[in-house]
Number of protein chains: 2
Amino acid sequence: MQIKEILSLSPSNQSLVIKGWVRTKRVSANVAFIALNDGSTIHNIQGVVSDGAVSEETLKLVTTGACIAMTGTLIPSQGQGQSVELQVNSIEVYGTADPEKYPLQPKKHSLEFLREIAHLRPRTNTFSAILRVRHALAYAVHTYFNQNQFFYLHTPIITGSDAEGAGEMFRVTTLPATNPPLTEDGKVDFKEDFFGKETNLTVSGQLEGELGAMALSKVYTFGPTFRAENSNTTRHLAEFWMIEPEVAFNELEDNMNLAEDFTKFCIKYALEHCADDIAFLEKRLLDEEKTKKKEEQSELSLTEKLRFVTENDFERITYTEAINILLQSKTHKQGKFQYPVEWGIDLQSEHERWLVEKHFKKPVILTNYPKDIKAFYMKLDEDGKTVRAMDVLFPGIGEIIGGSQREDDYEKLLQRTKEVGIEEESIWWYLETRKFGSAPHAGFGLGFERLVLFVTGMSNIRDVIPFPRTPKTAEF
Amino acid sequence: MQIKEILSLSPSNQSLVIKGWVRTKRVSANVAFIALNDGSTIHNIQGVVSDGAVSEETLKLVTTGACIAMTGTLIPSQGQGQSVELQVNSIEVYGTADPEKYPLQPKKHSLEFLREIAHLRPRTNTFSAILRVRHALAYAVHTYFNQNQFFYLHTPIITGSDAEGAGEMFRVTTLPATNPPLTEDGKVDFKEDFFGKETNLTVSGQLEGELGAMALSKVYTFGPTFRAENSNTTRHLAEFWMIEPEVAFNELEDNMNLAEDFTKFCIKYALEHCADDIAFLEKRLLDEEKTKKKEEQSELSLTEKLRFVTENDFERITYTEAINILLQSKTHKQGKFQYPVEWGIDLQSEHERWLVEKHFKKPVILTNYPKDIKAFYMKLDEDGKTVRAMDVLFPGIGEIIGGSQREDDYEKLLQRTKEVGIEEESIWWYLETRKFGSAPHAGFGLGFERLVLFVTGMSNIRDVIPFPRTPKTAEF
């Protein structure tokens, strides 16, 4: 039985074996108190070892990080903050943790230090809480789509197409690094490579998702995607997980409804199923905020920020309306935005957050962006200048979702691929879906780590994925 | 509303718009019958267009593959095989499908041909059924683990470690293919590569899964894995999805219990939630079997094979016992096995299937294999010759799961890594979990496509993943 379940039992001297890792041991008079955790919950169970119940020799091995099994009887707890504790009769030590060498001693460790020992950090309160929330959110994603008749589509990770245009790509190869086979003109001969051509890691499953939607109507992807950008920021990973629903017969408004309903469902699910972990993370965030300057502190607590999303209707306005609102704002007129504002720009995070946090005070969906700052596959508006794009903006984080209605007209799509320089033969299969039984359809992408970041209140994306991949870092 | 839901309605002349792709159109006297499918179910809905209800011009565009919306009233069906049909008032054509060019005309297509048009094959009955079953199985996986308090762990796809030893790897790089930077001794300088060292695509998430289990107790992975093996067989993919649970405090027997319970749950889930699709696939398989020679035909129908797993207790015997049974079999004595049988061999599929299908007539779990044919991380048995490995064998397919209790003793594990030639510094983090708070633990790997293959009754693994990656093939 796991500690989460044991903590909910009524104590009646039942005999139990409890296994886990020692968080702390405290010796007081003739009694030792052991806080044991098995990762099933943020809470520890207290083991009480009376004098003589366990040999000195064994008790000496019970140090922070050691793995043990405690056998005993479950009794009402005398201490505060817990209803039950284990009166320990015997202890089996599975694995020790030499206090001189074990890096996770019971004191505050910096997040930077913990990244260097990512193989051990899930044993801390903060990271076990994050990983449980991450699990709950992933399960919420699958639950939501399954309940709504979507089919999970595994789109390919290795792709021979470089048409997605969402960013720099990693090459995948089995050719020898030194002295690869060459063509007559001295270039590497990718015909000799594993797939008979140059291949890369996918930056998005959307194009293949659309193929699925043109047959199954409602599909979603949830898989790893990759960007080979040399960005050392708190918001970029070279490898991250993306969720991309795609729905036949959906137009832009349906797409907005789906995005709003979906994100609210996931966040409500986490609030409901991870109350203890979110309470812990909220307290952690409060402590962190206290170290910041007053003006940099968040006005909302973590749960307030989550309810800000679940309890508000998302404001829906066009990009053009948003630009006008920004231009007329005091902040702009007083020159307090760092970046300029004018029609045609790609909005910066400061603009997005101002709209959400200061102006509307609710999540915002911006639509109908200028076509020149959006991808080739987005459906052109009647004016020929804007496309049926949508970005969903959240407090603290800015853009969390990007999506659009897709161009379903073969000629217009072909024209756009030419304009942006994509070769027809590299996406003949994508174009063909507009040739045969084309349908209006729409979808969006949500970077899963962005969602986990938002729900956990963490500030560095490297702390919400188990083993982050970033420039010059691929340890573990 | 989707066709699956509409087909379950009581017809009462309700007004409906039904959207989907035309499977067939049949004109009889003054009436046209349109079979429409939207991928939500294997079943089509029939649209009945009386003379004059829709213009000739429009009706001409309603050909196989076209995407349309039919508006009309839902009435009891006159025809066989369906309870409702739509009396059509009007048709909107979203996208045509020129019968001269659209490859999916209503006739039998070979699976080989359909692989070449994998962007369109989800529009066939067979592939839409497979993809729905695949979705249901994936959802069953997440449901099972969530219900049993496992946490979903996203282990890294790009790995800097080559210690997994499960197979040939793909290199991941951003160095220029031609003229990459070189070190002084003329080799490619991977310090200049994106991650500052040579990196590959993962062949297994197990090692990182173990890190998670040593903190959260019960974790599972479900993600893509890669093998750069030049195998052009019906059972190998270069990119496939793998499920790997890992559980602290589990020993070999717990691991067997988990594997049996888990696979039964998934297959029962599919039988319950995909009855129509499995019935269709069973019929497809029967037709395929009829084209085979008598002795190559399967004795069991598809659902019989699935119930063979769900309704039998798995037989559990050691590798050594299995070898003895094989040696004493008539099949062996009459020289009818293609491959030799002796202690120490890696069992062939023919041996595994004989044990399952002929001898025990139930799924079999073989345990305690010779250490020399198993991975370095498996726990050594007391005899020093065998390890606590387990393989789960299914009818028709042989091995579907491979797993083990893991070596949790630091010194023994270190010894094994040296024996197999893994450098200590490349997996220092893995070894450290045995140094600090080590615990008994066990886990296994299930190739998801093997499971989908088994449940759909398909015979080529390229037909149970949307866009297969195999040697010289990375289209779409």
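The values are calculated or read from the model by the stated rules, or taken from the named source; none is laboratory data. Predicted model only: the values in this text are computed from it and were never measured. Ideal geometry is used to build each Cβ from the backbone, glycine not excepted, and the neighbour counts take in all protein chains shown.
Structure above, values below:
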read-out	value
Which listed residue, of A:LEU355, A:LEU414, A:LEU431, A:LEU380, is crowded, with 21+ Cβ neighbours inside 10 Å and assigned by TED's automatic domain parsing to the domain that holds A:LYS264	A:LEU355
Extreme residue, farthest from A:TRP241 (Cα to Cα), among residues of the stretch A:167-196 that are at pLDDT 95 or above and of a type in the set (Lys, Arg)	A:LYS191
B:ALA69 being more than 14 Å from chain A (Cβ to nearest Cβ), in contact (Cβ under 8 Å) with a residue 24 or more places away in the chain and either hydrophobic (A, V, I, L, M, F, W, C) or not in a strand (DSSP E or B) (or both)	no
Breaking point among (1) more than 8 Å from chain B (Cβ to nearest Cβ); (2) part of a loop (DSSP other than H, G, I, E, B); (3) closer than 19 Å to B:PRO224 by Cα; (4) not polar (S, T, N, Q), for A:GLY209	(2)
Candidate set from the stretch B:269-312 (those that are polar (S, T, N, Q) and under 19 Å from the mean Cα position of the chain (by Cα)); member that is nearest to B:LEU111 (Cα to Cα)	B:THR303
When residues of the stretch A:35-56 are limited to those that are in a strand (DSSP E or B) and over 22 Å from A:SER10 (Cβ atoms), the one farthest from the other protein chains (Cβ to nearest Cβ)	A:SER50
Of all residues in the stretch B:181-196 being at the interface with chain A (Cβ under 7 Å from one of its Cβ atoms) and either surrounded by 14 or more Cβ atoms within 10 Å (Cβ to Cβ) or of a type in the set (A, V, I, L, M, F, W, C) (or both), the one that is nearest to A:PRO466 (Cα to Cα)	B:PHE195
Residues of the stretch B:303-321 classified as within 24 Å of B:ALA270 (Cβ to Cβ), out of contact with any strand residue (DSSP E or B) (no Cβ under 7 Å at 6 or more places or on another chain) and of a type outside the set (A, V, I, L, M), total	9
Residue within the stretch B:87-106 that is more than 10 Å from every other protein chain (Cβ to nearest Cβ), over 19 Å from the mean Cα position of the chain (by Cα), in a strand (DSSP E or B) and surrounded by fewer than 14 Cβ atoms within 10 Å (Cβ to Cβ) present	yes
Filtered residue count, the stretch A:215-243, keeping only those that are of a type in the set (S, T, N, Q) and farther than 14 Å from A:ASN460 by Cα	4
Close pairs from the stretch A:418-436: first more than 19 Å from B:GLY20 (Cα to Cα) and away from chain B (no Cβ under 14 Å), partner surrounded by fewer than 18 Cβ atoms within 10 Å (Cβ to Cβ) and of a type in the set (Phe, Trp, Tyr), Cβ under 6 Å, at least 6 apart	none
Residue check for B:GLU112: under 26 Å from B:ASP277 (Cβ atoms), free of Cβ contacts under 8 Å to residues at least 60 places away in the same chain and of a type in the set (Asp, Glu)	yes
Members of the stretch A:299-328 found to be without any contact (Cβ under 8 Å) to a residue 40 or more places away in the chain and either closer than 30 Å to A:ASP287 by Cα or touching a helix residue (DSSP H, G or I) at 6+ places or on another chain (Cβ under 7 Å) (or both), listed by number	A:SER301, A:THR303, A:GLU304, A:ARG307, A:GLU311, A:ILE325, A:LEU326
Which listed residue, of A:ALA228, A:ALA238, is facing chain B (nearest Cβ under 8 Å), surrounded by fewer than 22 Cβ atoms within 10 Å (Cβ to Cβ) and touching a residue at least 40 places away in the same chain (Cβ under 8 Å)	A:ALA228
Residue that is nearest to the other protein chains (Cβ to nearest Cβ) [pool: residues in the stretch A:117-138 that are free of Cβ contacts under 8 Å to residues at least 40 places away in the same chain and part of a helix (DSSP H, G or I)]	A:HIS135
Search result, residues across the stretch B:437-474 that are among the β-branched types (Val, Ile, Thr) and either in contact (Cβ under 8 Å) with a residue 40 or more places away in the chain or in a helix (DSSP H, G or I) (or both)	B:VAL452, B:VAL455, B:THR456, B:ILE461, B:VAL464, B:ILE465, B:THR470
The lone exception for A:LEU326 - which of (1) in contact with a strand residue (DSSP E or B) (Cβ under 6 Å, 6 or more places away or on another chain); (2) more than 27 Å from A:ASN460 (Cα to Cα); (3) of a type outside the set (D, E, K, R) it fails	(1)
A:PHE444 vs. criteria under 22 Å from the mean Cα position of the chain (by Cα), within 22 Å of A:ALA215 (Cα to Cα) and either at pLDDT 95 or above or not assigned by TED's automatic domain parsing to the domain that holds A:PHE376 (or both)	yes
Residues satisfying the stated conditions in the stretch A:240-260, i.e. closer than 18 Å to A:GLY212 by Cβ and outside any strand (DSSP E or B)	A:PHE249, A:ASN250, A:ASP254, A:ASN255, A:LEU258
Subset of the stretch B:229-282 [out of contact with any Pro (no Cβ under 9 Å at 6 or more places or on another chain), within 30 Å of A:LEU175 (Cβ to Cβ) and at pLDDT 95 or above]	B:GLU244
Filter result for B:LYS60 (surrounded by fewer than 22 Cβ atoms within 10 Å (Cβ to Cβ), more than 8 Å from chain A (Cβ to nearest Cβ) and assigned to a helix (DSSP H, G or I))	yes
